[in-house]
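First the structure, in the form of structure tokens, and then the observations on it.
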Amino acid sequence: MRPSRPRNASQIADVANSLIDPILARRAGISTALLSAWEEIAGEAYAEFSRPEKITWPKRASESEDGGFRPGCLTVACEGARVLFLTHAQGELVHRVNGFFGFSAIDRIKVVQKPVQPPGGRRRRPPELSPAEARDLEARLQGIESEKLRAAIMRLGAGVMSEKRRKEQAGGRGKG
């Protein structure tokens, strides 16, 4: 009888990556290794609001053309006004990505502005309001006809009120 080998998550991840990598390489020119190492490559300052999307390789005019490898362009998605910070760090990121690959894979980064979902799809829990706070906020929004607008302002108001409550509680602890 053959001893059974325990199967763990890393083995499943290796199998999944081996299935996904050829598709990613063909469609986007990147690998799951780059995606999973992005937090280390980009660093804590940039990883949270950016993610690599694709690598575009330059086209050769013909096979007889110098035949040498030419680095590509990494397209990185980035959120909102943080694009400016990422743009300023492009040189450093090019060096880090090339260090990850072990050769000059890219020579520039193209930053595109779009929403980036947090790693693992984690989202912050919506702030909780006390019943009195919720009634107060709903009363203030009574005149708004659009349901979508009212819901958006309700979320914003709940965030502001919970942040204010948190600061008041933190300030109360420091006194005494």
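Each label point is 7 Å from the Cα along the Cα-to-Cβ direction; what then is the distance between the points at V112 and R96, in nm?
In this crude spin-label approximation the distance works out to 2.1 nm.
Step through the table entries K114/K148; K114/K164; K59/K110, compare each Cα-Cα distance with 19 Å, and write down the pairs that go over it.
On the way: K114/K148 22 Å; K114/K164 29 Å; K59/K110 17 Å.
Among K114/K148; K114/K164; K59/K110, the Cα-Cα distance tops 19 Å for K114/K148; K114/K164.
How much length, in nm to one decimal, is gained on full extension between S146 and E168, taken as 0.36 nm per residue of separation minus their Cα-Cα distance?
Working: separation 22, 0.36 × 22 = 7.92 nm, distance 3.24 nm.
Once the chain is fully extended between S146 and E168, it gains 4.7 nm.
With a sphere of radius 11 Å drawn around the Cβ of K114, what net charge do the other residues whose Cβ falls strictly inside it have (Lys, Arg +1; Asp, Glu -1)?
Around K114, the surrounding residues sum to -1.
Along Cα→Cβ, 7 Å out, is where each label goes; now give me the distance between the ones at H88 and E39 in nm to one decimal.
In this crude label model, H88 to E39 measures out at 2.5 nm.
Lys/Arg Cβ at +1, Asp/Glu Cβ at -1, dipole of region 131-172 taken about the Cα centre: which of A151, A139, A170 is farthest positive-ward?
Final value for the positive-end residue is A170.
Using the Cα centre of region 131-172 as the reference point, and only Cβ charges (+1 on K/R, -1 on D/E), how large is the resulting charge dipole? Debye, rounded to the nearest 20.
So the dipole magnitude of region 131-172 works out to roughly 160 debye.
Hey, what do the phi angles of region 68-76 turn into as Karplus ³J(HN,Hα) couplings, whole Hz, using 6.51/-1.76/1.60 and θ = phi - 60°, x for Gly and Pro?
x, 7, 10, x, x, 10, 8, 8, 10
Please list the non-local residues whose amide H lies under 5 Å from the amide H of V76, H modeled 1.01 Å from N, same-chain partners needing a gap of 5 or more.
E53, K110, V111, V112
Every read-out reported here was derived from the displayed coordinates using simple, explicitly stated rules and does not represent laboratory data. Please read these numbers as outputs of a predicted model, since none were measured by experiment. So basically every Cβ, Gly included, is an ideal-geometry build from the backbone, and we count neighbours across all protein chains shown.
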